[in-house]
Structure formats: structure tokens, C-alpha cells
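Every number in this text was worked out from the coordinates using simple rules, so none of it is lab data. All of these numbers come straight from a predicted model, not from anything done at the bench. Cβ coordinates were reconstructed from backbone atoms using ideal geometry, including for glycine residues, and neighbour counts include every protein chain displayed.
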Amino acid sequence: MTGDKHILVLCIHGSPKGGLTENLARQALDGARQAQASTRLIHLVDWGLPFFKPEMSPPPAAMILQDAIRQADGIILASPTRYFNACPEILNLINWLDYFHGPPWPLKGKVAGFLAGCEEDGGQSAVNAMMNPLQHLGVAVPPGGIVFHNKNMAEKSEDQWMITDVPILGRNVAQMARLLKHNPMTW
């Protein structure tokens with residue numbers, strides 16, 4: 001799609017390449033493409049993002065990532081679960097987004113989805129650890145916009161929702177981003 005109908009969904013994941021979370025991120029982006037969105041996957045582990053310090057000016061990697069998030073119509077953060085939390089790489093990125101706090105609130109109304117992979121428990125806590133600060137920064141989460149996928153329970157989940165809801169997350173992020181792009185709102 002071209003012109004004002006073009007939608008870009010950006011997915012940033014914090015897992016090692018080839019792991020469960022990267023595979024889930026790719027499935028979510030497949031769902032976004034099914035909704036006619038362009039997609040981009042960022043492997044956060046490749047960026048060498050330094051540990052956030054409030055007194056530090058944003059390094060080039062943080063500025064490039066902030067700009068990519070600003071330019072995307074929708075974003076998906078995907079993280080493996082670490083001790084009932086999102087991984088340190090994603091949490092560090094969220095800290096660097098602190099520069100989006102306050103006027104002009106550049107994330108206000110931006111559509112975001114959240115995805116966590118886990119092997120035991122903690123997936124729901126991990127998506128909450130990503131979603132809560134970004135909602136404070138103003139993002140809008142679509143229906144089905146948060147999914148956790150327990151590797152050992154996915155096939156046993158009711159109607160296999162841990163499997164089927166991953167591409168739905170991507171589709172819903174793209175559809176809501178398109179809706180808001182064509183019907184701007186004052187938040």
C-alpha cells in the first residue's frame with residue numbers, strides 16, 4: 001500500500017536470535033502483514049544499547065531506536081520472561097523511552113502490542129512490565145494486544161489461544177494503527 005494508507009508495524013524483541021521470542025515476534029509480524037502492513041523486526045541484542053542512566057544524554061543507538069518508534073504507526077515489544085519480568089534488554093529500552101515522558105508526549109495514541117515468551121511461569125507479569133510504563137507514556141493497546149506464550153503449555157491452552165493469538169496481536173496492532181491514522185483523535 002502506498003500514500004497515507006501505508007502502515008508500518010515495528011517489532012523490537014530482546015531475545016537471542018533464533019529463540020522462542022524471536023519466533024513469536026515473527027508470527028506477530030506475519031499477522032500484521034496479513035492486515036496489509038509493512039513490518040520491521042529489530043533484534044535489540046544487536047544494538048549495544050548502554051545501561052540507562054538518567055543523567056546521561058541518549059547515545060546514538062537510543063536515538064535511532066526512539067526515532068524508529070516515532071516513525072512506526074504501531075509497535076510490538078516482545079520479550080522472553082526472566083524471573084517473572086521482561087528481559088533486561090527490553091526494560092533498558094523502556095528506560096531510554098523516558099525521554100518521551102512529558103509534552104509533547106510523542107507516544108500518545110501510538111498503537112502498541114506486547115508479547116512475552118516463557119517456559120514456565122511469569123509471562124503475564126512480563127507483558128505487564130512492558131505495557132504499564134508505555135501506557136503511562138500514552139500508547140493505545142488494541143483488543144488482543146497482549147499475549148504471553150508458555151512454551152510448555154501452549155498446546156494445552158484453551159482453544160490453543162497461546163498459539164492462535166500471536167498473529168492476531170500483530171493483525172490488531174496494524175488494524176488499530178490504520179484506523180487511528182485515518183481517523184486522528186485528540187487524546
Short version: ³J(HN,Hα) in whole Hz for each residue of the range 101-111, in order, from phi by Karplus 6.51 cos²θ - 1.76 cosθ + 1.60 (θ = phi - 60°), x for Gly and Pro, what are they?
7, x, x, x, 6, x, 9, 4, x, 5, 7
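If you take the beta carbon distance between ASP121 and VAL45 as r and set R0 to 35 Å, what does 1/(1 + (r/R0)^6) give as a FRET efficiency, to the nearest 0.05?
Once the sixth-power term is evaluated, E becomes 0.90.
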Can you tell me the dipole magnitude for the range 3-182 around its Cα centre, using point charges on the Cβ only (Lys, Arg +1; Asp, Glu -1), in Debye to the nearest 20?
540 debye
Rank these for me by crowding, ILE69, ILE42, going from fewest to most other beta carbons within 10 Å.
ILE42, ILE69
For a quick check: sort LEU169, LEU97 by the number of other beta carbons within 10 angstrom, fewest at the front.
LEU97, LEU169
Virtual spin-label span in nm between LYS181 and ILE163, 7 Å along Cα→Cβ
3.2 nm
Extension length gain for ARG70 and ASP30 (0.36 nm per residue less Cα distance), in nm, is 12.3 nm
Around ALA37, which amide H atoms from residues at least 5 apart in sequence, or from another chain, sit under 5 Å from its own amide H, with H modelled in the peptide plane?
none
Non-local amide H neighbours of GLY117 (under 5 Å, H modeled in plane, Pro and chain starts lacking H): which ones?
SER79, THR81, HIS149
Simple spin-label estimate for TYR99 and SER57 in nanometres, 7 Å along Cα-Cβ
1.0 nm
The chain, helix-only ellipticity at 222 nm - DSSP H runs n ≥ 4, -39,500 (n - 2.57), divided by all residues, nearest 500:
-12500 deg cm²/dmol
Antiparallel %, DSSP beta bridges [both residues in the chain], to 5
5 percent
Principal axis dimensions, largest first and in whole angstrom, of the range 3-182 by Cα:
46, 39, 26
